[in-house]
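One structure below.
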Amino acid sequence: MGVKMLKKGLSFLDGKNEETSSDFFESQNPSNLTDIIAVFGSATKPQVEKACQRAKEAFKVWKKTPAPIRASIIQNLGKLLEKNKEALSKIVTREMGKPIREARGDVQEAIDTCNFFVSEGRRLYGMTVPSEMPNKELYTYRRPIGVFACITAGNFPVAVPSWYFVPALVAGNTCVWKPSHDTPLTSYYFAQLLYKAGLPEGVFNVVFGKGENSTGAWLIEMVGKGLIDKFGFTGSTAVGQKIGETCGRHLQNPCLELGGKNPLVVMEDADLDLAVNGALWAGFGTAGQRCTSLGNLILHESIQEPFLKQLLQKVSEIKIGDPFDESITYGPMISETFLKNHLRNLETLIEPHHKLLTEPNGQVTGKKKWKNFVGDADRGVYPFPTIVANVKPSDKIYSTETFGPLFNVMTCKNIDEAIALANNTGFGLSSAIYTNTPKIIYQWKEEISAGMTSINNSTTGAEAHLPFGGNGKSGNGSRQSGVWVLDQFTKWQAVNWDLSGKLQLAQMDTGYVEPDLQYTI
Ligand code: NAD
């Protein structure tokens, strides 16, 4: 595996089959726009349908393959990812611009996910349940659902897809994956590792392409054709809503992992050094392009001044630039489109009453410099860090995901106000609080509406065995990772086995003992 590889025209892949398309799209290195990494074709509607048909056919055999054998292929995948970790991380960095140490973390999360689910293949436990009648046994089984289709975003091009198809495959489903159009080459190599791991033909299929009026939209259409049994989507709330509507019409319950406007609260008793570092990482790690990135920093009014002084000092010292440099805080945006969206947000969301705590803002260039820039800013799409103060709950910027290195500052008088500001954006993905008071922590844990919360840690960071997901505009309550995700990829079957040799009726032929209600003490 090398980083110089250029794949041209590939549109659909199931291990052996590589069909070409006439509708091409490029993958461009965001830290060097002249570096076109790959040219892929968008899979056509018939190709998407063919991929789903293959998955449907392969399901007949895959579901009967013993779960420990299915999981052994995932074990192979984990080993292959370990062996190729550095090479794949370099492709991630070159293709979507996250710093190389974060790219290694992205790949490591997929390895951890494989390691966790290998042994789940030896569990997938059901239960034996006592019956209310004699000579009768009750059982529950986890059964695979069928063809699982997923569409993923480009900000975690290895970890997030692995959260879907590693457990989906172990549980006996077959897959069709439409990876992000921002990271086709990373996805191509990831898929190659899955085939190398030993997956039988048709079990895992990749359709490359764009979203709207393209491959992504056609994959969603396949739900209506009865070719998909379960959908998973990681991306923007707007697209997630469309998928939710389609799946709902067909009585399916998709796994929707969407956007966030994540709050980070700093109370008066917090360790300020710790909280400043947490806010810095939550706000500017991955150039703010994580679903769990900081959206609203909520400061107790008594510590606002010293906190902001310390934060702004640290912000002024961060290194931006070449994502292959080990010491940078962040590199370029994922692509030119993401930079344009960031610049548009600066224009449309910042209002006259807001105060920008950082200068300058917009795009870093050779002329409009960042003091600690590493590399050549004119070659890529680099944004300045932006912090916006005087934000009110009625402002659009308070409740709009900005998906760039931009966050708001708000103040609170007490924990009740902090929780209200944290909960009222409509999103509910991640959250964080810095405090050392157990009573405040207890109230926060009980009342925060986000699916995930950190205490004395930043809003970002996931582990392969802890549930990941959000509420409200952040998702439909589905959870990925750990044992919890198995409920997404299996359906419960209830079995009762009557050995009595006669028709026994539940509730009617039972030997319940009637109490003597005449007795009083
Ligand atoms: P996006 O919704 O534009 O694209 C995501 C994927 O959907 C891509 O593969 C894209 O090609 C496809 N797509 C886009 N429009 C489509 C359409 N009309 N029909 C079918 N497919 C379509 O999102 P993005 O801008 O690439 O990614 C950033 C978003 O993803 C942010 O909102 C971020 O918070 C979210 N995200 C969420 C999680 C999570 O786990 N909750 C993780 C990562 C990213």
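A short reminder: the numbers here are calculations on the coordinates, not readings from a lab. From a predicted model like this one, the values you see are computed outputs, not experimental measurements. Neighbour counts run over all protein chains shown; Cβ positions are idealised from the backbone, glycine included.
Things to note:
- For the chain: relative contact order, % (alpha-carbon pairs under 8 angstrom, 6 or more apart): 18 percent
- Computed from point charges on the beta carbon alone (+1 for Lys and Arg, -1 for Asp and Glu), the dipole magnitude for the chain about its Cα centre is near 1460 Debye.
- Of all DSSP-defined beta bridges confined to the chain, some 45% are antiparallel rather than parallel.
- Region 262-465 shape via C-alpha gyration tensor axes, a/c threshold 1.5: prolate
- Spin-label model, Asn471 to Ile69: label points 7 Å out along the Cα-to-beta-carbon direction sit 4.3 nm apart.
- Spin-label pair Glu326-Phe24: with each label point 7 Å from Cα along the Cα-Cβ axis, the two points sit 3.8 nm from one another.
- Theoretical FRET efficiency, 1/(1+(r/R0)^6), r = Cβ-Cβ of Lys60 and Lys136, R0 30 Å, to 0.05: 0.40
- Antiparallel DSSP beta bridges within region 91-206, percent to nearest 5: 25 percent
- FRET E, pair Ser119, Tyr519, Förster distance 51 Å, beta-carbon r, rounded to 0.05: 0.45
- Evaluated at q = 0.07, 0.08, 0.09, 0.13 Å⁻¹: base-10 log I(q)/I(0), Debye formula over Cα of the chain: -0.43, -0.54, -0.67, -1.25
- Extending 7 Å from Cα along the Cβ direction at Glu301 and again at Leu499 yields two label points whose distance is 7.2 nm.
- Our estimate of slack between Gln252 and Glu347, defined as 0.36 nm per intervening residue step minus the Cα-Cα distance, is 30.3 nm.
- The Cα trace of region 78-199 gives Rg and Dmax of 18.0, 65 Å, the first to one decimal, the second as a whole number.
- Placing +1 on the Cβ of every Lys and Arg and -1 on the Cβ of every Asp and Glu, with no other charges, gives region 262-465 a dipole of roughly 520 debye about its Cα centre.
- Total formal charge among the other residues, if their Cβ is under 13 angstrom from that of Asp273, Lys/Arg +1 and Asp/Glu -1: +1
- Only helices enter the 222 nm calculation for the chain: every DSSP H run of n ≥ 4 contributes -39,500 (n - 2.57), and dividing by all residues gives -11000 deg cm²/dmol, rounded to 500.
- Maximal additional length on extending the Lys79-Asp269 stretch stands at 63.9 nm, based on 0.36 nm per residue less the C-alpha distance.
- The value of relative contact order for region 262-465, using C-alpha pairs under 8 Å at least six residues apart, is 31 percent.
- Unit charges at the beta carbon, dipole of the chain: most positive-side option, Leu357, Ser399, Gly475: Gly475
- Looking at region 262-465, the DSSP beta bridges with both ends there are about 15 percent antiparallel.
- Förster radius 41 Å - calculated FRET efficiency between Lys242 and Ile36, Cβ distance, rounded to 0.05: 0.85
- The chain: angle of helix 67-83 to the longest principal axis, Cα-based, in degrees nearest 10: 20 degrees
- When the charge dipole of the chain is built from unit charges on Cβ atoms (+1 for Lys and Arg, -1 for Asp and Glu) and taken about the Cα centre, the candidate among Phe338, Ala197, Gly235 whose Cα reaches farthest toward its positive end is Ala197.
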